[in-house]
Amino acid sequence: MAAPETRYARSGDLHIAYQTVGDGPQDLVFVHGWISHIEHVWEEPSVARFFSRLASFTRLILLDKRGTGMSDPVPLDRLPTLEERMDDVRAVMDAAGSERATLFGTSEAGALNLMFAATHPDRTAALILLNSYARIAWAPDYPWGIPADAAGELLKSIEVGWGQGVAFEALVASQANDPAQRAWWARYQRLAASPGAAVTLLRRAYDTDARSVLSAIRVPTLVLHRAGDPFSGPEHGRYLAEHIPGARYVELSGADHLLFAEDADRIVTEVREFVTGIRDETERERVLATVLFADIVDSTARAAALGDRRWRDVLDRYYAVVRLELARFRGRELDTAGDGVFASFDGPARAIRCGVAIARAVRPLDLAVRVGLHTGECEVIGDKVGGIAVHIGARVAAQARADEVLVSSTVRDLVAGSGIEFDDRGVQALKGVPGEWRLFGVRRAA
């Protein structure tokens, strides 16, 4: 089958390649894991057949993430964060005229789709995850992840063998003896990404941990996972299904990590049943957000020294500066009290950079601020948000030092690969919040 026409959506200063196929009643946005090239995929008959079947009952939307395939290239140190990838998906949906779609992600696209579904439930009709994961790295509380030494060896082998079909036998075991498919995979690698980009993207996936997002998913979710997947075993899929409210888990036979070859018809059958059975949902009352709290250090002493009128003038200038930075980084002001500011963001990296910008911008006013950030599920209350995540954010801010942006470990884990650097502030108790929390000070926000 010939490749559909490729078009481009504008996401910030970059162009994101996308295609639309079919004219079904519901939109299905398919997000490739790791790397992609949306024109070359159609040259492999099994892949073309898979996408054609999906397009027979949906309007299928395909895209290349920035830095891969036919989308604009970016330097290795600026490959996209989860937040930027969300922007790209939203830009493609807007360009394609899709107000709401089911998101279908494979492998490392899982974290992106999880973040998007939790952050933008109004744009997400449902969520499908195939051979995916919220975290791929081993941890004491995640024993089925890949150990660091094994990940290092994998990255070395990929860099050395990139463009020659490296990892084909592991990723598509059912086709290990098919030289034509292996040759197609080798060219796919060369077209989809450079060796440096491929390694950097996989390393970033290894550093990402989106488990904290799972409980915030409030859309119908289908988790599909092959029982013998050698890269991300079925434990990853079971974990997703156990921690996403109401998720349905289907374990498939086979050992292929990639989607298109082994029993692909079964995948299409499961997706068809799930998608065509979706009913309209009422508007979601909870959403994933990053909350920011900022206040002026020693404000009481400053107010007493200046007097009410002069202090009011200082506050007016302070709020003008803060609102300018909120607008720059797409933050939403939710409340102010005294010298405090409460705002929310749809991405943690933007929130961090806004906090750093606020701290820098108020220095000419001879002010210092403390800023705290946390990402979590928030209850929508009119035009504002509330809930435990908001309380955590406020308590994190209370622990911050003068002129410091302090974040929870949840925020730190979600901005892996963003270039933002942190100093570990250790484990601390937050007043009124159960358990202990590891906090991190922002050292540098690139």
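The values are calculated or read from the model by the stated rules, or taken from the named source; none is laboratory data. Treat the numbers as computed from the prediction; the structure is a model and nothing was measured. So basically every Cβ, Gly included, is an ideal-geometry build from the backbone, and we count neighbours across all protein chains shown. Protein only, heavy atoms only, side chains kept; ligands, DNA and RNA dropped before computing areas. Shrake-Rupley method; radii C 1.70, N 1.55, O 1.52, S 1.80 Å.
The strands (runs of 3 or more DSSP E) found wholly in the range 331-397 and carrying at least 1 residues that are open to solvent by 30 Å² or more (accessible area, probe 1.4 Å) and at pLDDT below 95 occupy 332-337, 369-381, 384-386. For the range 164-196, the set of residues classified as open to solvent by less than 40 Å² (accessible area, probe 1.4 Å), modelled with pLDDT of 90 or more and small (Gly, Ala, Ser) consists of Ala186, Ala192, Ala193, Gly196, listed by residue number. Residues that are touching a residue at least 60 places away in the same chain (Cβ under 8 Å) and either among the polar types (S, T, N, Q) or buried (at least 22 other Cβ atoms within 10 Å of the Cβ) (or both) within the range 401-412 comprise Thr410, Val411, listed in sequence order.
Does the range 216-231 include one or more residues that are at pLDDT 90 or above, surrounded by 20 or more Cβ atoms within 10 Å (Cβ to Cβ) and in a helix (DSSP H, G or I)? Yes, that holds for at least one residue.
Evaluating Gly393 against the criteria (1) small (Gly, Ala, Ser); (2) out of contact with any helix residue (DSSP H, G or I) (no Cβ under 9 Å at 6 or more places or on another chain); (3) over 24 Å from Leu82 (Cβ atoms) leaves one unmet condition, (3). Checking each residue in the range 1-17 for being in contact with a helix residue (DSSP H, G or I) (Cβ under 6 Å, 6 or more places away or on another chain) and open to solvent by less than 20 Å² (accessible area, probe 1.4 Å) picks out Ala9, Ser11, Ile16. Just so you know, in the range 23-40 the residues that are closer than 23 Å to Gln189 by Cβ and among the β-branched types (Val, Ile, Thr) include one that is surrounded by the most Cβ atoms within 10 Å (Cβ to Cβ), and it is Val31. For Thr20, are the conditions met, namely being at pLDDT 95 or above, over 19 Å from Ala192 (Cβ atoms) and open to solvent by 20 Å² or more (accessible area, probe 1.4 Å)? Against the criterion (at pLDDT 95 or above, over 19 Å from Ala192 (Cβ atoms) and open to solvent by 20 Å² or more (accessible area, probe 1.4 Å)), Thr20 qualifies. Residues in the range 425-436 that are open to solvent by 30 Å² or more (accessible area, probe 1.4 Å) and either of a type in the set (A, V, I, L, M) or within 23 Å of the chain's Cα centre (by Cα) (or both): Val427, Ala429. Looking only at residues in the range 41-91 that are of a type in the set (Gly, Ala, Ser) and open to solvent by less than 20 Å² (accessible area, probe 1.4 Å), the one that is farthest from the chain's Cα centre (by Cα) is Ser46.
In the range 92-116, the qualifying residues are those that are among the charged types (D, E, K, R) and touching a residue at least 40 places away in the same chain (Cβ under 8 Å), and the one that is least open to solvent (accessible area, probe 1.4 Å) is Glu108. Here the range 292-330 is the region considered, the condition is being aromatic (Phe, Trp, Tyr) and farther than 18 Å from Asp366 by Cα, and the residue that is surrounded by the most Cβ atoms within 10 Å (Cβ to Cβ) is Phe293. Within the range 10-26, residues that are free of Cβ contacts under 8 Å to residues at least 40 places away in the same chain reach no partner that is surrounded by fewer than 19 Cβ atoms within 10 Å (Cβ to Cβ) and among the charged types (D, E, K, R) with beta carbons closer than 7 Å at six or more positions or on different chains. Picking from residues in the range 437-446 that are exposed (fewer than 13 other Cβ atoms within 10 Å of the Cβ) and not small (Gly, Ala, Ser), the one that is modelled with the highest pLDDT is Arg443. Between Ile61, Ile38, the distinction of being over 27 Å from Val199 (Cβ atoms), of a type outside the set (Phe, Trp, Tyr) and not in a helix (DSSP H, G or I) belongs to Ile61 only.
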